[in-house]
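Here is the structure we will look at.
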């Protein structure tokens, strides 16, 4: 490799100050999404978060066991939902399901919109990081070219110095 085949420095890379001036400030997407939520969205998220817990499952399970147990085992004068029919229990269970299903779906839609916004924000951050890496690489390339020019001015055989590596002494 001859000294003429070594890359010449390109135009001077931008300075850190210039780069920081051009860079847009980072956003906190979680705060932005939280501020956009309506009261109904917050209610749907609260219900979605609480219905999907073991606590809620245990409450429903205990309610079902108590209801069915009472109506199967209590004396006839205290039963309020006849055994083997359990019409009132079925009605209440279906009512809960009918009301919770759309609320959970709304909550999941809000969570999905938040996840999409986070994904877009992550892409923006990754693009910014890639640009920063490009700037760093441009600076390294520029520094490398400057070092090679310095070596040429000092009449150092650049090919020989590159072959020996950084640990060897160049004469």
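Rule-based calculations on the coordinates, nothing more; no lab input. For clarity, every value in this text was computed on a predicted model and none was experimentally measured. Reconstructed Cβ throughout: ideal geometry from the backbone, glycine too, with neighbour counts over all protein chains shown.
What is the distance in Å between the Cα centroid of region 108-123 and that of region 15-39? A separation of 15 Å, based on Cα centres.
Using 0.36 nm times the number of residues separating residue 130 and residue 145, minus their current alpha carbon distance, what extension gain do you get?
Details: separation 15, 0.36 × 15 = 5.40 nm, distance 2.23 nm.
Going from the current span to full extension adds 3.2 nm.
Angle, helix 39-51 long axis vs. longest principal axis of the chain, Cα atoms, 0 to 90°, nearest 10? That works out to roughly 80 degrees.
So for region 24-171, averaging the separation of alpha carbon pairs under 8 Å that are six or more residues apart and normalising by length, what relative contact order in percent results? For region 24-171, the relative contact order is 29 percent. Packing-based ranking of 41-54, 129-142 yields 41-54, 129-142, ordered from highest to lowest mean Cβ neighbour count within 10 Å. With Cα atoms defining each centre, region 127-147 and region 58-102 are spaced 69 Å apart in the structure.
Show that you can apply the helix-only estimate: for the chain, add -39,500 (n - 2.57) for every DSSP H stretch of four or more residues, divide by all residues, and state [θ] at 222 nm to the nearest 500.
Values: 6 runs with 122 residues, N = 171.
Computed ellipticity for the chain at 222 nm equals -24500 deg cm²/dmol.
Measuring r between the beta carbons of residue 137 and residue 97 and using R0 = 45 Å, the FRET efficiency lands at 0.20. For region 16-128, the Kirkwood hydrodynamic radius comes to 18.2 Å, computed from all pairs of different C-alpha atoms.
If you take the beta carbon distance between residue 80 and residue 53 as r and set R0 to 35 Å, what does 1/(1 + (r/R0)^6) give as a FRET efficiency, to the nearest 0.05? Could you put the intermediate results ahead of the total?
Details: r = 29 Å, r/R0 = 0.83.
E between residue 80 and residue 53, to the nearest 0.05, is 0.75.
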